Amino acid sequence: MAQARVRLAPAGPTPATAFLSGPTARPAHLSFSPKPASATLAAANSPPLPIVVVGSANADIYVEVDRLPLIGETVAARAGRSLAGGKGANQAACGGRLALGATYLVARVGDDANGRLLEGALADVGGVRIDRVARAPDAPSGHAVVMLMPDGQNSIIIVGGANMEGWAAGIEPGDLELIRQAGVLLLQREIPDWVNIQAAQAAKGAGVPVIMDAGGMDAPVPEELLRLVDIFSPNETELARLTGMPTETFEQISQAAGKCHKMGVKEVLVKLGSQGSALFVEGEKPIRQPIIPATEVIDTTGAGDTFTSAFAVALVEGKPKEECMRFAAAAASLCVRVKGAIPSMPDRKSVVKLLESVQVQ
């Protein structure tokens, strides 16, 4: 039986429950089900169309420090280790754990130890198809240095490697066809803009929604790319940098989102850290979602990727936008409680359980 593709046409009047202004606001019911225990059961329930992520994969070198070093200063780290990460890999790992359908990652890694680390970590996640992850013979795998502070906040330096240099031939024809058959396409900015444009053009031509996370390179987003994006998802810092506008108050954030609308993006999903999130749909009132507080914040690395990916998972399932935001908030709340990006991605059962506990409080 043919599956209906998710469409992003403007919705009707927004339900009153969408305008969440504090922790007491909650849905009247919960419509998310746990992940089916078997492929047979999933097939019987007609799983959603696949999620396709085109993006980066990095070996993250974690160093735990009490504070960032000053210029010319050397500080000692309390601990250090290497873990799989990168915004594309993070979002694919999250999709693999949360989605009822398949999740694919289209990425480039080097033919080196870090590339094998990334391939192994993604295979261990479960639910992520990595046969579209190709090795770039002439470029090292991308990597990042993550400086993690005691309060869970971090500073990150990225080395692009194969993420930026491994796309000489562009996206493979088979991968473009996969994008055309997807339920949603997820993009970020840790790969070249021209690759994102190629992927987005394939999706747009097939009526596949495109969600782009603004994280990645510190440069303006090409107008050609923005016009292909259905939902643009920055945090407030990225929103300020990309629009040249202040984002210290909600009113300022609303005005900056309005500038994004004028640049061609119909929907702007802003991640606001401890203030939650807000979805600005052109011509409609914003939908606000407060955070679901974490019992303990260990590491915020990957929390934004978890939020964006979880939102996409719920969107593919046909959930209303306010439910997509609640699902994403719950996933992000669980993510920050564990160290590391991919290791912190929650499974669907845990997210549904958290939503149920919030609902009955």
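The values are calculated or read from the model by the stated rules, or taken from the named source; none is laboratory data. Predicted, not measured: the structure shown is a model, and the values here were computed from it. All Cβ positions, even for glycine, are placed from backbone atoms using ideal geometry, and neighbour counts span all protein chains on display. In case anyone asks, the SASA skips ligands and DNA or RNA and just uses the protein heavy atoms, side chains included. Shrake-Rupley method; radii C 1.70, N 1.55, O 1.52, S 1.80 Å.
Couple of notes before you dig in:
- Some residue of segment 69-82 being loosely packed, with under 12 Cβ neighbours inside 10 Å and acidic (Asp, Glu): yes
- For segment 115-153, a residue qualifies if it is in a loop (DSSP other than H, G, I, E, B) and open to solvent by less than 40 Å² (accessible area, probe 1.4 Å), and the qualifying residues are GLY126, ALA139, SER141, MET149, GLY152.
- When segment 223-235 is filtered for residues that are over 12 Å from MET263 (Cβ atoms) and either aromatic (Phe, Trp, Tyr) or touching a Gly at 6+ places or on another chain (Cβ under 7 Å) (or both), only ASN235 remains.
- Residue among ASN163, ASN196 that alone is within 27 Å of SER82 (Cα to Cα), touching a residue at least 60 places away in the same chain (Cβ under 8 Å) and of a type in the set (S, T, N, Q): ASN163
- The lone criterion from (1) within 16 Å of PRO192 (Cα to Cα); (2) more than 18 Å from the chain's Cα centre (by Cα); (3) not charged (D, E, K, R) left unmet by ILE158 is number (2).
- Within segment 83-114, considering residues that are among the charged types (D, E, K, R) and closer than 23 Å to ASP213 by Cβ, the one least open to solvent (accessible area, probe 1.4 Å): ARG108
- Conditions (1) open to solvent by 10 Å² or more (accessible area, probe 1.4 Å); (2) modelled with pLDDT of 95 or more; (3) outside any helix (DSSP H, G or I): number failed by ALA294: (2)
- Residue ID - modelled with the lowest pLDDT, chosen from residues in segment 333-361 that are open to solvent by less than 40 Å² (accessible area, probe 1.4 Å) and touching a strand residue (DSSP E or B) at 6+ places or on another chain (Cβ under 8 Å): GLY340
- Single residue of LYS266, LYS271, LYS285 found to be within 22 Å of VAL52 (Cβ to Cβ), touching a residue at least 12 places away in the same chain (Cβ under 8 Å) and open to solvent by 40 Å² or more (accessible area, probe 1.4 Å): LYS266
- Residue in segment 297-310 that is buried (at least 21 other Cβ atoms within 10 Å of the Cβ), in contact with a Leu (Cβ under 8 Å, 6 or more places away or on another chain) and at pLDDT below 85 present: yes
- ASN235 meets each of the listed conditions (1) crowded, with 17+ Cβ neighbours inside 10 Å; (2) more than 19 Å from GLN91 (Cβ to Cβ) apart from (2).
- Tally, over segment 98-114, of residues that are modelled with pLDDT of 95 or more and part of a helix (DSSP H, G or I): 1
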